[in-house]
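Trainee: Sharing a structure below in structure tokens format, with a few things to ask.
The values are calculated or read from the model by the stated rules, or taken from the named source; none is laboratory data. The structure presented is a predicted model; accordingly, all values stated were derived computationally and were not measured. Every residue, glycine among them, receives a Cβ derived from its backbone with ideal geometry; neighbour counts consider all protein chains shown.
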Amino acid sequence: MISMRFSDSGIRVMRDFPSDAEVISHKWLVRAGFITQTASGIYCFGPLFYRVYRKVCRIVEEEIDREGGRQVQLPLLHPAELWQRTGRWALYEASGVMFQLHDRKEQQFGLCPTAEEVVTEMAMQLISSPKQLPVNFYQQHTKFRDELRPRFGMVRGREFTMMDAYSFDIDEEGLDRSYQAMARAYHRICQRCSLNYVVVHADPGAIGGSDSEEFMAACEIGEDTILIAGQYAANEEKAVSLVEDLPAEEPEPLGIVNTPGANTIAKLAECLSIPEAKTLKTLIYKAKHEDREEPVVALIRGDKDVNEVKLLNHVGALTVTLADPDLVKATAGCEAGYVGPTTLKAGTRVVADETVRAMTNFAAGCGEAGKHAINVNHGRDFATPEFADIRLARAGETAPNGEVLEAFRGIEVGHIFKLGDKYSQAMHAGVNDSEGHFRNFQMGCYGVGSTRIPATVVEQHHDENGMIWPMAIAPFHVHLVPMKYQDDEVRAVVERVCQDLDKNGVEYLLDDRTASAGVKFGDADAIGAPYRITFGRGLANGTVELRQRRSGETREVPLDEVAGELARLVAEESHIETTV
Ligand code: ATP
Ligand code: MG
């Protein structure tokens, strides 16, 4: 990329952080003039951000090309009809994530949040023989999502760029190979962008499918909780843990006791002198399906919590949300605080967590204020419910591998999914195999946040003075700060170094303004190029000061060696050895 001079670059570093920014990357990216906000979750990329973004895109493209990806470009306006074929129009309408609009003929369209339907339709037209498989189509293009909380700047936009790839195979073994190839590409992308990351088991969400893993950058501000125990790592949405059951007891007679003021599980357990694990929580949800809404009751051991993603997947609804007071009353005949499994209207769907299976003689709500039922037993006092794992795993619990789970926060930078034939079946997409049998494509889909990655890198690489870009994606390799640039002699020296840097392929930002040294140094730190060259007192002896942004270490380098030295540093630091 070409080098620039500050005076005609369109860069402006501000003295203050934007008042609405909550996280470091948003604060610095706006303050240092990388991005400007157009509306909530919608941004302009200034010249600095654009350079970083293009470098990230290039890394992503190189690594996916290396695994045989074929770059394409898909439309952003998607006809509703296409999404109706897979049932996802209603799903995205229910969650409100898709921007939906009409054309002048009242035809419905959506702005692309993801492109499984569109790419499957393209594959149906381009792929007519199993000899054309496997194939992996990918693009790096805009996505639109009407996020519930568009915040954190480039971390969660409503308009953003994603690399999205879609693999087509004839069978599951092929899909597995395509999936592993993309996992390898993702590892190299994360490593080349200097991200500190982990790969976790994930819930596929509205995309669907079976296997799915997320590439998570470890970060305090991450909106995902990840649980890790040795080799086991999973998103909290998906994580499973083992919990010990209390010993089973002989059933005692059901009773109702006074429990004044026991309006929490902790108070109830204290009031009855029993462990929280001997109490039951009864939660009423509203499950929204394409054609109906209905209450679903979740039962969970008192010391545990419901994982709403697991509940949603089990119920197979479009959404599940806690019921409003009217629905609670209609389902349980009482207010939310007093609901118990024995108060439910007959015929209500009840899903109990697996931990409830072993529970005997437990305490639960009985429909009345100030009272609870004791010695409740399922199958006797209320119908045996459906059992499923709907429990939220927590740090401190035992992972399936026997080790103890620890919790971390993470930002999802990439996601890979095995879709199988979910889309190809719904859309009748596939090819005839060598025996003439029609086989649906086995598909995978893959997404990398090309605009989220730069923000995540800033979250992981910054200090109190600004951003610290890793060489491979830095807007410039070096920031040039001449003192007395207006002096003809100084200017001649600087121009000569610039020419040397150009010859050596080193990208620089030359601060040619008449600002004070303090302002120039401050701006250089904020912008965060990996190195800074100061043309100052050393010029008398034919040297310049070379400073590393990350460590703050400085050294004097002879004028005629500095370009070569930087070329060496650029090569050394941008060609990161990857481990896969
Ligand atoms: P999240 O859970 O963070 O909302 P997601 O699981 O909905 O993300 P995917 O559909 O898996 O996202 O999209 C693939 C990738 O696109 C994500 O891993 C992320 O890097 C990026 N991405 C998703 N949503 C956004 C957004 N609103 N802004 C910027 N990047 C995003
Ligand atoms: Mg995801």
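Trainee: Return the residue satisfying two criteria in turn: it lies in segment 134-153 and is buried (at least 19 other Cβ atoms within 10 Å of the Cβ) and in a loop (DSSP other than H, G, I, E, B), and of such residues it is nearest to ligand 1 (Cβ to nearest atom).
Mentor: Among residues in segment 134-153 that are buried (at least 19 other Cβ atoms within 10 Å of the Cβ) and in a loop (DSSP other than H, G, I, E, B), the one nearest to ligand 1 (Cβ to nearest atom) is Arg145.
Trainee: Being under 26 Å from Val56 (Cα atoms), outside any loop (DSSP other than H, G, I, E, B) and more than 16 Å from ligand 2 (Cβ to nearest atom): is that true of Phe417 here? Talk me through it step by step, then tell me what you get.
Mentor: On the way: under 26 Å from Val56 (Cα atoms): yes; outside any loop (DSSP other than H, G, I, E, B): yes; more than 16 Å from ligand 2 (Cβ to nearest atom): no.
No, not satisfied.
Trainee: Going residue by residue through segment 242-257, is there one that turns out to be buried (at least 16 other Cβ atoms within 10 Å of the Cβ) and under 15 Å from the mean Cα position of the chain (by Cα)?
Mentor: Within segment 242-257 (the criterion being buried (at least 16 other Cβ atoms within 10 Å of the Cβ) and under 15 Å from the mean Cα position of the chain (by Cα)), the answer is no, since none of the residues qualifies.
Trainee: To continue, here is another question. Determine whether Arg391 is over 30 Å from Leu126 (Cα atoms), of a type in the set (Lys, Arg) and more than 16 Å from ligand 2 (Cβ to nearest atom).
Mentor: Numbers: over 30 Å from Leu126 (Cα atoms): yes; of a type in the set (Lys, Arg): yes; more than 16 Å from ligand 2 (Cβ to nearest atom): yes.
Judged against the criteria, Arg391 is a match.
Trainee: Right, next: Could you identify the single residue in Val413, Val448 that is in contact (Cβ under 8 Å) with a residue 40 or more places away in the chain, within 16 Å of ligand 1 (Cβ to nearest atom) and in contact with a Ser or Thr (Cβ under 6 Å, 6 or more places away or on another chain)?
Mentor: Val413
Trainee: Mind checking whether some residue in segment 508-520 is over 23 Å from Ser25 (Cβ atoms), surrounded by fewer than 22 Cβ atoms within 10 Å (Cβ to Cβ) and touching a residue at least 60 places away in the same chain (Cβ under 8 Å)?
Mentor: Yes - at least one qualifying residue is present in segment 508-520.
Trainee: Just wondering, is there one or more residues in segment 439-460 that are among the charged types (D, E, K, R) and within 16 Å of ligand 2 (Cβ to nearest atom)?
Mentor: Yes; the residues of segment 439-460 include at least one that is among the charged types (D, E, K, R) and within 16 Å of ligand 2 (Cβ to nearest atom).
Trainee: Would you mind stating whether Glu121 is modelled with pLDDT of 95 or more, within 30 Å of Glu62 (Cβ to Cβ) and among the charged types (D, E, K, R)?
Mentor: yes
Trainee: Is it true that some residue in segment 260-273 is modelled with pLDDT of 95 or more, assigned to a loop (DSSP other than H, G, I, E, B) and surrounded by fewer than 20 Cβ atoms within 10 Å (Cβ to Cβ)?
Mentor: yes
Trainee: What about Leu175, is it crowded, with 20+ Cβ neighbours inside 10 Å, modelled with pLDDT of 95 or more and more than 16 Å from ligand 2 (Cβ to nearest atom)?
Mentor: Judged against the criteria, Leu175 is a match.
Trainee: For residues that are part of a loop (DSSP other than H, G, I, E, B), closer than 13 Å to Glu412 by Cβ and of a type in the set (D, E, K, R), tally how many sit in segment 218-241.
Mentor: We begin by selecting, within segment 218-241, every residue part of a loop (DSSP other than H, G, I, E, B); these are 219-223, 230-231, 236-241.
Next, only the ones that are closer than 13 Å to Glu412 by Cβ stay: 219, 221-223, 236-238.
In the following step, the residues that additionally are of a type in the set (D, E, K, R) were identified as 223, 236-238.
Of the residues in segment 218-241, 4 are part of a loop (DSSP other than H, G, I, E, B), closer than 13 Å to Glu412 by Cβ and of a type in the set (D, E, K, R).
Trainee: From the list Ala393, Ala373, Ala383, Ala399, which one is surrounded by 22 or more Cβ atoms within 10 Å (Cβ to Cβ) and either more than 37 Å from the chain's Cα centre (by Cα) or within 16 Å of ligand 1 (Cβ to nearest atom) (or both)? Before the answer, list the steps.
Mentor: Details: Ala393 fails: either more than 37 Å from the chain's Cα centre (by Cα) or within 16 Å of ligand 1 (Cβ to nearest atom) (or both); Ala383 fails: surrounded by 22 or more Cβ atoms within 10 Å (Cβ to Cβ); Ala399 fails: either more than 37 Å from the chain's Cα centre (by Cα) or within 16 Å of ligand 1 (Cβ to nearest atom) (or both).
When all the criteria are applied, what remains is Ala373.
Trainee: Output yes when any residue across segment 163-175 is within 19 Å of His26 (Cβ to Cβ), in contact (Cβ under 8 Å) with a residue 40 or more places away in the chain and within 9 Å of ligand 1 (Cβ to nearest atom), and no when none is.
Mentor: no
Trainee: Within the set of pairs 6 or more residues apart or between chains, which connect a residue that is more than 24 Å from Gly96 (Cα to Cα) inside segment 275-298 to a residue that is among the basic types (Lys, Arg) and surrounded by 21 or more Cβ atoms within 10 Å (Cβ to Cβ) with Cβ atoms less than 6 Å apart?
Mentor: Once the first residue is more than 24 Å from Gly96 (Cα to Cα) and sits in segment 275-298, its partners that are among the basic types (Lys, Arg) and surrounded by 21 or more Cβ atoms within 10 Å (Cβ to Cβ) give Ala277/Arg301.
Trainee: I would also like to ask the following. Could you list all residues from segment 351-405 that are under 21 Å from Asp203 (Cα atoms), in contact with a Phe, Trp or Tyr (Cβ under 6 Å, 6 or more places away or on another chain) and free of Cβ contacts under 8 Å to residues at least 60 places away in the same chain?
Mentor: If the condition is that a residue be under 21 Å from Asp203 (Cα atoms), in contact with a Phe, Trp or Tyr (Cβ under 6 Å, 6 or more places away or on another chain) and free of Cβ contacts under 8 Å to residues at least 60 places away in the same chain, then Ala352, Glu354 are the ones that fit.
Trainee: Something else: Considering each residue of segment 200-225, count those that are under 27 Å from Lys422 (Cα atoms), more than 12 Å from ligand 1 (Cβ to nearest atom) and not polar (S, T, N, Q), and give that number.
Mentor: 2
Trainee: Kindly indicate the residue of segment 195-212 that is in contact (Cβ under 8 Å) with a residue 40 or more places away in the chain and part of a strand (DSSP E or B) and also farthest from Glu237 (Cα to Cα) among those meeting that condition.
Mentor: Among them, the one singled out is Tyr197.
Trainee: Sort out which residues of segment 337-347 are in a loop (DSSP other than H, G, I, E, B), surrounded by fewer than 19 Cβ atoms within 10 Å (Cβ to Cβ) and of a type outside the set (Lys, Arg), and write them in order of number. Give the derivation first.
Mentor: Step one: filter segment 337-347 for residues in a loop (DSSP other than H, G, I, E, B), giving 339-340, 344-347.
Narrowing the set further to residues that are surrounded by fewer than 19 Cβ atoms within 10 Å (Cβ to Cβ) leaves 345-347.
Ala346, Gly347, listed by residue number.
Trainee: Could you list all residues from segment 290-304 that are out of contact with any strand residue (DSSP E or B) (no Cβ under 7 Å at 6 or more places or on another chain) and either farther than 20 Å from Pro325 by Cα or part of a helix (DSSP H, G or I) (or both)?
Mentor: Glu290, Asp291, Asp303, listed by residue number.
Trainee: Another question about this same structure. Taking segment 281-316 as the region of interest, how many residues are among the aliphatic types (A, V, I, L, M) and over 20 Å from Leu344 (Cα atoms)?
Mentor: The qualifying residues number 2.
Trainee: Then there is this: Go through the residues of segment 193-200 one by one and say whether even a single one is at pLDDT 95 or above and among the polar types (S, T, N, Q). Don't jump to the end; show me each part of the working.
Mentor: Filtering segment 193-200 down to residues at pLDDT 95 or above leaves 193-200.
Among the residues that remain, those that are also among the polar types (S, T, N, Q) are: 194, 196.
There is at least one residue in segment 193-200 that is at pLDDT 95 or above and among the polar types (S, T, N, Q).
Trainee: Pick from Glu81, Glu106, Glu62: which is assigned to a loop (DSSP other than H, G, I, E, B), of a type in the set (Asp, Glu) and modelled with pLDDT of 95 or more?
Mentor: Glu106
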